[in-house]
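Here's the structure we're looking at; comments come further down.
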Amino acid sequence: MKIIVAIKQVPMRDSPLHPALSGKWIDEADLSFEINEPDAYALEEALQLKEKHGGEVVVLCAGPERAAQTIREALAKGADRAIHIEIDALVSLDTLGLAKLLAAAVTPEKPDLILTGLQSDDLGAGQTGVVMAELLGFPHSTIIMQVEVRDAGIRVKRELESGWFQHIEMPMPAVLAMQSGSNKLRYATLMGIKKAKSKEIHRVTPVELGGTASAVATIEKVYLPQKSKHTQIFEGDAKTAAAQLVEKLKFEARVI
């Protein structure tokens, strides 16, 4: 069984973020980076499937040279090899452009299963895996909590609203977007870190994958949210005012 896991390197959580001078993205000069959290759960699911059924786990990552650190961490945790699509300005690609690159890199591999995180911590579009599946012509499903391999394909557990779950049977090859918290994440062992140094990282450029088209969607401006204060007086008796307050908190502030 060959499983490809698409991962992304993103700024560390709680990092101080500031718009870049261009106003098109954040200033990355003094940031530290880590693997996108939902992608870490996708990697863990792939490693557990490999331990149960054998096969190979291949990490796929698009990003600048610094992304090699995140790739090595994935290899240290147990992935067998990696494909690094080297692109400096990843933010210059929209979802479709990135999905095209990933699909082009995946096609020669002929995988049985492709796992991605549900969404990225930086952009949060939650579309890349789905678009890639459509480009490949693979069945796909999102918000996956568990994957069970069966003779005829796979059975997945999806998280729905209000504590409900859905079980779906799917053929392979397929693309699944994993939900955070689906497994307990492992740490890289000392032996795993040593082995990662000798594992293969195949580097490829967007041009080699045919990714030269311009983006359909672009980021026009990145800015800090404006803070403002507003006072509103509710008219009427206590009961009427309380009802109005609840409505505001529920539908405008969205805190209840």
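Every number here is computed from the coordinates shown, using simple stated rules; none is lab data. Please read these numbers as outputs of a predicted model, since none were measured by experiment. Cβ atoms come from the backbone with ideal geometry, glycine included; neighbour counts cover every protein chain shown.
How long is the gain from D14 to E28 if the chain were fully straight, where each residue apart is worth 0.36 nm and the alpha carbon distance is subtracted?
3.7 nm
Starting with the fewest neighbours, write out L43, L136 ranked by other beta-carbon atoms found within 10 Å of each beta-carbon.
Lowest count first: L136, L43.
Would you mind checking which residues have amide H under 5 Å from M178's amide H? H placed 1.01 Å from N; only 5 or more apart, or other chain.
Residues meeting the amide H criterion: T116, G117, L118, I144.
DSSP loop (so not H, G, I, E, B), at most 15 other Cβ within 10 Å: list which GluC sites (Glu not before Pro) in the range 138-226 pass both filters.
For GluC sites (Glu not before Pro) across the range 138-226 that sit outside H, G, I, E and B with at most 15 neighbouring Cβ atoms in 10 Å, the list reads E200, E208, E220.
Can you grab the distance from the C-alpha centre of the range 196-256 to the C-alpha centre of the range 34-84, Å, no decimals?
28
Let a ≥ b ≥ c be the square roots of the eigenvalues of the Cα gyration tensor of the range 95-188; is it rounded (a/c under 1.5), or, if not, prolate (a/b larger than b/c) or oblate?
oblate
Restricting to DSSP loop positions (anything but H, G, I, E, B) with no more than 16 other Cβ atoms inside 10 Å of their own Cβ, which GluC sites (Glu not before Pro) remain in the range 28-121?
E28, E65
For the range 98-104, just list the computed ³J(HN,Hα) in residue order, Karplus coefficients 6.51, -1.76 and 1.60, θ = phi - 60°, integers in Hz, with x standing in for Gly and Pro.
5, 4, 5, 5, 5, 5, 5
Enumerate by residue number the chymotrypsin sites (Phe, Trp or Tyr not before Pro) in the range 165-238 meeting two conditions: DSSP loop (anything except H, G, I, E, B), and at most 15 other Cβ atoms within 10 Å of the site's Cβ.
Sites meeting the loop and neighbour criteria: Y187, Y223, F234.
Restricting to the range 136-182, compute how many DSSP beta bridges are antiparallel as a %, nearest 5.
For the range 136-182, the DSSP antiparallel bridge percentage is about 80.
Over 29 Å between Cα atoms: which of K197/K221; K157/K248; K52/K194; K2/K194 fall into that group?
Beyond 29 Å: K197/K221; K157/K248.
For the chain, what does the helix formula give at 222 nm: sum of -39500 (n - 2.57) over DSSP H segments with n ≥ 4, over the residue count, nearest 500 deg cm²/dmol?
Rounded to the nearest 500, it is -8500 deg cm²/dmol.
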